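Everything below concerns the one structure shown next.
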Amino acid sequence: MICWFCSLREAQVKHTYGIDMYGEVDAKTTPAQTDVAYRVRHVDVPRCADCHRRHRLARFVANLSVLFFIAAIAALLAILLKWTTPLISGIWLGLAVGLTLAALIAAKLILKGIHSLRKSHKKYPEIQDLLKQGYRFGQRPKAGIPKADPPRKASDEGTSSNT
């Protein structure tokens with residue numbers, strides 16, 4: 001099977017990107033409890049080792065940009081509250097903002113030529129089909145029946161039941 005993210009290399013099972021989705025949610029209330037029934041689907045998006053490595057590296061760099069952004073906020077506070085001299089705070093702020101922008105650009109460049117994980121949530125055919133059927137991302141509903149889901153018919157009783 002070919003990697004969906006790059007469409008070039010052979011996908012490897014150990015690098016498959018897995019996504020859990022749930023759907024067909026129904027809740028039945030009895031005097032003692034509320035039973036919520038739903039179906040869970042696990043979707044595997046085929047991925048090669050190189051795309052897996054690039055996704056991990058891009059996530060690391062994006063997380064690093066968050067750290068640099070926090071440093072920029074701290075530098076701005078240092079300027080406003082006069083914790084240090086304006087020159088030191090200004091250099092700190094400029095460096096933090098520059099590193100934040102550089103990290104964000106680097107994350108985009110790392111993923112150049114391949115689909116991102118976020119794009120797989122929107123464009124992978126099996127996920128698109130499940131989304132059209134009303135499925136949502138996650139392993140279970142957070143609370144009750146989502147307001148957008150239609151009520152289930154009595155003939156649809158063959159789903160898994162969880163409380």
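Each value in this text was obtained by applying a stated rule to the coordinates, not by laboratory testing. Treat the numbers as computed from the prediction; the structure is a model and nothing was measured. Counting neighbours? That spans all protein chains shown, and the Cβs are built from the backbone with ideal geometry, glycine included.
For the pair Asp50 and Arg9, the difference between a 0.36 nm per residue extended length and the Cα-Cα distance amounts to 13.9 nm.
Computed FRET efficiency, Cβ-Cβ of Lys119 and Trp83, R0 30 Å: what is it to the nearest 0.05? Approximately 0.10, to the nearest 0.05. With respect to the cross-link table entries Lys28/Lys123; Lys28/Lys122; Lys14/Lys112; Lys82/Lys108, which display a Cα-Cα separation exceeding 28 Å? Pairs exceeding 28 Å: Lys28/Lys123; Lys28/Lys122; Lys82/Lys108. Under the convention that each Lys and Arg Cβ holds +1 and each Asp and Glu Cβ holds -1, the size of the dipole of region 13-141 around its Cα centre is about 360 debye.
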